[in-house]
Amino acid sequence: MRILHSPNSSAHQPERYFRRGAIVPHPEQAVRYRRLRDVVLADGHDLMHAGEFGLGPIKAVHATDYVEFLATAWARREAVPGIDDEIGSSHFARPHMSRRPEGILGQIGYYMADTSTPIQAGTWDAIYGSAQAAVSAAELLASGEIGAAYALCRPPGHHAYANSAGGFCFLNNTAIAARHLVKRSGGRIAIIDIDVHHGNGTQGIFYETADVLTLSVHADPANYFPFYTGYADESGVGAGLDHNHNFPLAEGADDQTWHKTLADMLALVRSYQPVAVVVALGFDASVDDPIGAFGVTTDGFSKAASMIAGLGLPTVLVQEGGYLCDALPLNLSVFLKSFESAHQV
Ligand SMILES: [Zn+2]
């Protein structure tokens, strides 16, 4: 398997965030990148540094003012007294109070959904490198050079909207890969999101779009992040109507339930007849994940990989969630092996 990654992924090192009433150690740590990179190296995969595709593919998904905010926020930190290693806000815009303020502190709350996405000295380099890994993987597919690639994206991306960060995500790597594939192929793309959290940013980005089908299986948002989206009746609007499908499952869903739902999602992909697939590959559906909610086993991930590979379509696998535990690198290892052995394009 061709692996695209950026060493800059380690440059964003969030220490803490506010969760369920307490300041806690941040789960989306830079060491995730190194653990995932080390296991694909040990497995003998073909690692390549991400190429340099500039801001074009990023701005094809994200608003220019939002991208510029992310790129310049750290340099504006002097405007926030008392800042040392990271900038954050505890004030957030709401639908009924949504004017864009001038100051950096207000803009953080304007462009972010929660406290999980602090800005540090290395944040822009990390999220830019992560996005370039996704574009590089999409470009390799579009060029016809290979039939599948894994983008080791860290920080993750599927909770980021066109103009908003949140849920550890800044730039939506999955959406950037999908949009790049649409542009380069001229065809339709299906996104299969198997992270335990709803891919809300991805849904938002493509909600009015017919040329990208967005599918997500995740824990029921009635009592689980991201709470405010991810329900089964969210099916798209305008040209995007019926091109978004959510599959919320009760917490504790096991392999059998998860695979049955995945089979339903794959049936939708087949009838959509896309030219390629982007998988939002979170491993936090694992029974071992420290912040997960499902009971998916390592064998369960292996079977899911062979099911998705069975589509027989060019595929970009984009790393999303999955947090530090011994099962995290193991689940990636078996997923890639199983995918490769079953994938024929
Ligand atoms: Zn997740």
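Whenever a residue of the range 214-232 is within 18 Å of VAL278 (Cβ to Cβ), its partners that are among the acidic types (Asp, Glu), lying with C-beta atoms within less than 6 angstrom and at least six residues away or across chains, give the pairs SER216/ASP193.
Residue check: ALA305 meets all listed conditions (1) surrounded by fewer than 20 Cβ atoms within 10 Å (Cβ to Cβ); (2) closer than 27 Å to ARG179 by Cβ but one, namely (1).
Restricting attention to the range 316-331, and to residues there that are crowded, with 24+ Cβ neighbours inside 10 Å and not in a loop (DSSP other than H, G, I, E, B), which single residue is farthest from the ligand (Cβ to nearest atom)? Selected residue: VAL316. I want to confirm something. Restricting to the range 217-248 and keeping residues that are of a type in the set (D, E, K, R) and out of contact with any helix residue (DSSP H, G or I) (no Cβ under 9 Å at 6 or more places or on another chain), which single residue is most open to solvent (accessible area, probe 1.4 Å)? Only one residue fits best here, namely ASP233.
Limited to the range 1-30, what total is found for residues that are out of contact with any helix residue (DSSP H, G or I) (no Cβ under 7 Å at 6 or more places or on another chain), in a strand (DSSP E or B) and under 26 Å from ASP46 (Cα atoms)? Before you say what the answer is, go through the steps one by one.
The initial filter retains those residues of the range 1-30 that are out of contact with any helix residue (DSSP H, G or I) (no Cβ under 7 Å at 6 or more places or on another chain), namely 7, 13-29.
Next, only the ones that are in a strand (DSSP E or B) stay: 16-19, 22-25.
From what's left, under 26 Å from ASP46 (Cα atoms): none.
Qualifying residue count for the region: 0.
Of everything listed in (1) in a loop (DSSP other than H, G, I, E, B); (2) within 27 Å of GLN344 (Cα to Cα); (3) among the acidic types (Asp, Glu), the single unmet condition for GLU52 is (2).
Residue check: TYR272 meets all listed conditions (1) more than 21 Å from GLY157 (Cβ to Cβ); (2) within 16 Å of the ligand (Cβ to nearest atom) but one, namely (2).
The values are calculated or read from the model by the stated rules, or taken from the named source; none is laboratory data. Treat the numbers as computed from the prediction; the structure is a model and nothing was measured. Note: ideal-geometry Cβ built from the backbone for every residue, glycine included; neighbour counts use all protein chains shown. To get the accessible areas, we keep the full protein, side chains included, count just its heavy atoms, and leave off ligands, DNA and RNA. Shrake-Rupley method; radii C 1.70, N 1.55, O 1.52, S 1.80 Å.
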